[in-house]
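Peer 1: Sending over a structure as structure tokens; questions will come in a sec.
Every read-out reported here was derived from the displayed coordinates using simple, explicitly stated rules and does not represent laboratory data. Worth saying up front: this structure is predicted, and the values here are computed from it rather than measured. So basically every Cβ, Gly included, is an ideal-geometry build from the backbone, and we count neighbours across all protein chains shown.
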Amino acid sequence: METVLSGIRPTGHLHLGNYFGAVKSFVKMQEEYNCYFFIADWHSLTTCPDPEDIRQSVKTILAEYLACGIDPEKATLYVQSDVRETLELYLYFNMNIYLGELERVTTFKEKARKQPNNVNAGLLTYPTLMAADILQHRAKWVPVGKDQEQNMEMARKCARRFNNIYHVEIFPEPQNFYFSDKAVKIPGLDGSGKMGKSDGNCIYLCDDDKVIRKKVMKALTDNGPQTPNSEKPEIIENLFTFLQICSSKEAYDYFNEQWNNCTIRYGELKKQIADDLCNTVAPIRERILEFSANQDLLEKISRHGAEKARESAAATLKEVRQIIGFNPNER
Ligand code: TYM
């Protein structure tokens, strides 16, 4: 059975971008693949969060993963920092990747611009830690959103380079996995870019109906189309993306036709989106509350997941050490 791995940084709550870009695929994939889904708490240290915030966010994301439908009996669900083997592989990959290659990664350049006073080495080596996450389980498939494409390119480079340097075939080149024919990018509600927790433009899976409606109704629009069948500007295309992910094909076609013949009413469009998003989110929100109220269960699940993930990573690291020339039992 082929192996799948993916993760999410614990910074607050899961939003619709995480859900439609990643977690929805996780839930489908657990039925057919050997899956590892984890909470990337080490990765969140690049912004130096408060320890209590990390502790809380890890528990929150765990409950939210489960509420979305990840089944710990089918998939291995764990917290990154519970598997120390990852750090060793991270170190080996850092020895094989060049500074210039890491500096060229767009997300590094963006983060460096956003936090000019904290351009730390962890930010630079973010992709090699991600590669270690993936390759410690020799995962072949990684379900991620479009924003992770460059990090995935680096993970493939780590795999190829290690195999080439040591003349082995230990690591597969992990591939991005998309359920639809292309990568998903869920837009933000502020008219441009992507939905992202640092951008304050999110709908969260824990938002109640009132909050969701308010956020959708506030989304930016324009004066409406002036000529029939015109191209949609980005802010309007974004609203149609929401229709695509959460509404029926009939609803999409209805508003698309109205756009094309210049009769579209944005108030009506937003109401449709808000109704359909509320219907998607409400059952997940209810399950989040149930799982969050059962901390003992969360602890048990993460302990069990950590054991399984450690076992898989330890087997890989044992081979890797021998390949590199670290054979403690033969000295
Ligand atoms: P993170 O926490 O930023 O996002 C988690 C997942 O959600 C997807 N995503 C989106 N997809 C579509 N539209 C959006 N607006 C949107 N926002 C977020 C991301 O593509 C991602 O799949 N580096 C990773 C965490 C990570 C990881 C890994 C992922 C660490 N190690 C190994 C896969 C494999 C990150 O920061 O994701």
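Peer 1: Which Cα, out of 35, 304, 11, lies furthest along the positive dipole direction of the chain (beta carbon charges, K/R +1, D/E -1)?
Peer 2: 11
Peer 1: Taking springs between alpha-carbon atoms closer than 10 angstrom, which of 172, 127, 187 fluctuates most in the Gaussian network model of the chain?
Peer 2: For the chain, modelled as a Gaussian network with Cα springs under 10 Å, the answer is 172.
Peer 1: Could you list 102, 91 so that the one with the fewest beta carbons within 10 Å of its beta carbon is first and the one with the most is last? All intermediate terms of the calculation are to be shown ahead of the outcome.
Peer 2: On the way: 102 18, 91 12.
Ranked by crowding around the Cβ, least crowded first: 91, 102.
Peer 1: Any of 28/140; 74/300; 74/185; 111/157; 182/249 with alpha carbons more than 20 Å apart? Name them for me.
Peer 2: Details: 28/140 16 Å; 74/300 15 Å; 74/185 27 Å; 111/157 22 Å; 182/249 18 Å.
Distance filter (> 20 Å) returns 74/185; 111/157.
Peer 1: What residues qualify as long-range amide H neighbours of residue 177, i.e. H under 5 Å apart, gap of 5 or more or another chain, H built at 1.01 Å from N?
Peer 2: 142, 144
Peer 1: Could I ask something else about it? Sort 61, 245 so the one with the fewest other Cβ atoms within 10 Å of its own Cβ comes first.
Peer 2: Placing the least packed residue first, the sequence is 245, 61.
Peer 1: Given 0.36 nm per residue, what is the gain on full extension from residue 271 to residue 253 after removing their alpha carbon distance, in nm? Mind dumping the intermediate values first?
Peer 2: On the way: separation 18, 0.36 × 18 = 6.48 nm, distance 1.57 nm.
In short, 4.9 nm is gained.
Peer 1: Kirkwood hydrodynamic radius, the range 122-168, all distinct C-alpha pairs: what's the number in Å?
Peer 2: Computed over the range 122-168, the radius equals 11.1 Å.
Peer 1: Kindly provide the pair-distance distribution of the chain built from C-alpha pairs, with 20 Å bins from 0 and whole-percent values in order of increasing distance.
Peer 2: Taking every Cα pair in the chain, the percentages come to 29, 54, 16, 1.
Peer 1: Something else about it: For the chain, with the dipole built from +1 on Lys and Arg beta-carbon atoms and -1 on Asp and Glu ones, taken about the Cα centre, which of 26, 242, 193 lies farthest toward the positive end?
Peer 2: 193
Peer 1: Among 15, 167, 43, determine the one that fluctuates most according to a GNM of the chain built with springs between C-alpha atoms less than 10 Å apart.
Peer 2: Taking springs between Cα atoms under 10 Å, the residue moving most is 167.
Peer 1: For the Cα atoms of the chain, what angle does the longest principal axis make with the long axis of helix 266-292, in degrees from 0 to 90, nearest 10?
Peer 2: It is inclined by approximately 40 degrees.
Peer 1: In nm, give the distance between the simple-model label positions of residue 106 and residue 178, each being 7 Å from the Cα along the Cα-to-Cβ direction.
Peer 2: In this crude label model, residue 106 to residue 178 measures out at 1.3 nm.
Peer 1: With charges only on Cβ, +1 for K and R and -1 for D and E, what is the dipole size of the chain about its Cα centre, in debye, rounded to 20?
Peer 2: With only Lys, Arg, Asp and Glu charged at Cβ, the dipole is about 560 debye.
Peer 1: Can you work out ³J(HN,Hα) from phi for every residue in the range 118-127, in order, using Karplus 6.51 cos²θ - 1.76 cosθ + 1.60 and θ = phi - 60°, giving whole Hz and x for Gly and Pro?
Peer 2: Once θ is set to phi - 60°, the couplings for the range 118-127 become 9, 8, 8, 5, x, 5, 5, 9, 3, x Hz.
Peer 1: Under a point-charge model restricted to the Cβ atoms of Lys and Arg (+1) and Asp and Glu (-1), what is the dipole moment magnitude of the range 63-141 relative to its Cα centre, in debye to the nearest 20? Don't skip to the answer; put the middle values down first.
Peer 2: Working: 9 positive and 10 negative charges, 76 e Å.
Roughly 360 debye for the range 63-141.
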